[in-house]
Amino acid sequence: MAFSASYSLALLSFILFSFTSWGTEARGFPISSLISKELFDTIFLHKDNNACPAKNFYTYDSFIKASRCFPRFGSTGSLTTRKREIAAFLGQISHETTGGWPTAPDGPYAWGLCFKEEVNPQSVYCDSSNTEWPCYPGKSYNGRGPIQLSWNFNYGPAGKALGFDGLKNPEIVSNNSLIAFKTALWFWMTEQNPKPSCHNVMVGRYVPTEADIAANRTAGYGLVTNIINGLECGKPNDGRVNDRIGYFQRYAKLFNVDTGPNLDCENQKSY
């Protein structure tokens, strides 16, 4: 099979970039060795504020227990890569659940995990054309949990992977803190072709296809945004994208790591 010159160059760049990132997986070193309860509480300063509907829902213990079900999360590559991935994950879920505003106390990026369910959903998020994961009558698949899991085609496989009936009982994602965090990590770790997993992007294991190269889907935090909500991409200076970046930048500083390149997806085509 013949490859274009641009694809061959991109593949070579990927190999060279990834060589130092793959490294060894830090087995035996739990997530709690990188993010203590004190740091977790500093990151999510106002998650238990009286103004937050998710008050007392998103606990540190639930996050740590959920992470144990995904041993590659925060354990792949160098120490910097591991910390950066955790910061990126927390930055994305913070935007999805933000209660912040420009003049909020402690700044707009101190209000992650304020919500556990989408406010005033505009639909029940049922893709009736998806016969593999058919919608259950009377159920809504609106955004829930840290990643705001949405649509029947996400609830179904998430439930199958995690041991609950996502189609018949989607409400459990906003009623059970452990399951809520598990769904967010499941989404983060799972490749959904043609989308790579967010995990692989952040640890340097993303291999762009020719279609990715043509769509300018370059590795970095911006590509993760594209995976989670590509509707925000391809737009100049999108406020939602900037909010995601703001959270990530704050958290990266707290972890004492750099963010890496390609923070936005302004010049990327969505999937």
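The values are calculated or read from the model by the stated rules, or taken from the named source; none is laboratory data. These numbers come from a predicted model, not from an experiment. Note that each Cβ is placed from the backbone with ideal geometry, even for glycine, and that neighbours are counted across all protein chains shown. Only protein heavy atoms, including side chains, enter the accessible area calculation; ligands, DNA and RNA are left aside. Shrake-Rupley method; radii C 1.70, N 1.55, O 1.52, S 1.80 Å.
Listed values, structure above:
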| quantity | calculated |
| --- | --- |
| Lone unmet requirement of (1) surrounded by 19 or more Cβ atoms within 10 Å (Cβ to Cβ); (2) in a helix (DSSP H, G or I) for Cys52 | (2) |
| Filtered residue count, region 173-218, keeping only those that are under 12 Å from the mean Cα position of the chain (by Cα), closer than 20 Å to Thr259 by Cα and of a type in the set (Gly, Ala, Ser) | 1 |
| Test: residue in region 113-126 that is buried (at least 22 other Cβ atoms within 10 Å of the Cβ) and under 22 Å from Gly222 (Cβ atoms) | no |
| Residue within region 152-166 that is open to solvent by less than 10 Å² (accessible area, probe 1.4 Å) and either within 15 Å of Ser270 (Cβ to Cβ) or among the aliphatic types (A, V, I, L, M) (or both) present | yes |
| Count - residues of region 79-101 that are part of a loop (DSSP other than H, G, I, E, B) and in contact (Cβ under 8 Å) with a residue 12 or more places away in the chain | 4 |
| Residues satisfying the stated conditions in region 192-222, i.e. of a type in the set (A, V, I, L, M) and either surrounded by fewer than 24 Cβ atoms within 10 Å (Cβ to Cβ) or out of contact with any Phe, Trp or Tyr (no Cβ under 9 Å at 6 or more places or on another chain) (or both) | Val207, Ala211, Ile213, Ala214, Ala215 |
| Residue within region 157-165 that is out of contact with any His (no Cβ under 9 Å at 6 or more places or on another chain), of a type outside the set (D, E, K, R), outside any helix (DSSP H, G or I) and modelled with pLDDT of 95 or more present | yes |
| Sole residue being out of contact with any His (no Cβ under 7 Å at 6 or more places or on another chain), modelled with pLDDT of 95 or more and of a type in the set (Lys, Arg), chosen from Arg68, Arg72 | Arg68 |
| Residue match in region 201-217 (condition: in a helix (DSSP H, G or I), free of Cβ contacts under 8 Å to residues at least 24 places away in the same chain and among the acidic types (Asp, Glu)) | yes |
| Pick from region 64-78, criterion part of a loop (DSSP other than H, G, I, E, B) and charged (D, E, K, R), ranking: surrounded by the most Cβ atoms within 10 Å (Cβ to Cβ) | Arg72 |
| Hey, Arg244 of a type in the set (Lys, Arg), more than 23 Å from Ser150 (Cβ to Cβ) and either touching a residue at least 24 places away in the same chain (Cβ under 8 Å) or open to solvent by 50 Å² or more (accessible area, probe 1.4 Å) (or both) or not | no |
| Condition broken by Gly234, with the remaining ones in (1) surrounded by fewer than 22 Cβ atoms within 10 Å (Cβ to Cβ); (2) in contact with a helix residue (DSSP H, G or I) (Cβ under 7 Å, 6 or more places away or on another chain) satisfied | (2) |
| From Asn142, Asn154, residue being touching a helix residue (DSSP H, G or I) at 6+ places or on another chain (Cβ under 9 Å), assigned to a loop (DSSP other than H, G, I, E, B) and at pLDDT 95 or above | Asn142 |
